[in-house]
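Encoded as structure tokens, the structure appears first; notes follow it.
Bear in mind these aren't lab numbers, they're just calculated from the coordinates by the rules spelled out. It should be emphasised that the depicted structure is a prediction, and the values quoted were computed from it without experimental measurement. Methodologically, a virtual Cβ is constructed for each residue, glycine included, from the backbone with ideal geometry; neighbour enumeration extends over all protein chains shown.
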Amino acid sequence: ISDMVNRQQETIDSIESAVEDTHGNVESAHKEVKQAIVYRIKARKKIWIALLLLIIIIIIIVVIIYFTVIKK
């Protein structure tokens, strides 16, 4: 019986170690996901700024063409 208890204890220790490793990995993954969300928000903001600048440039070009070509 003592031998069976020792083998079961080894199994329990192995499972406990795996659970602790998994807990550490989950915490690390949580931090990485939070950072990824921050990066995604910053990227989305930059895309909107670039799109706004593009629209402004197109409007300026259209106004220039209107006053130089069509108003003549």
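Where does the chain land on Rg(C-alpha)/(2.2 N^0.38 Å)? Write down the numbers at each step before the final one.
Values: Rg = 30.9 Å, N = 72, 2.2 N^0.38 = 11.2 Å.
That ratio works out to 2.77.
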- Say the dipole of the chain comes from +1 at the beta carbon of Lys and Arg and -1 at that of Asp and Glu; which of Trp48, Ile58, Gln35 then lies farthest toward its positive end? Ile58
- Message: As I understand it, the value is the acute angle between the Cα axis of helix 2-65 and the longest principal axis of the Cα atoms of the chain; what does it come to in degrees, rounded to 10?
- Response: 0
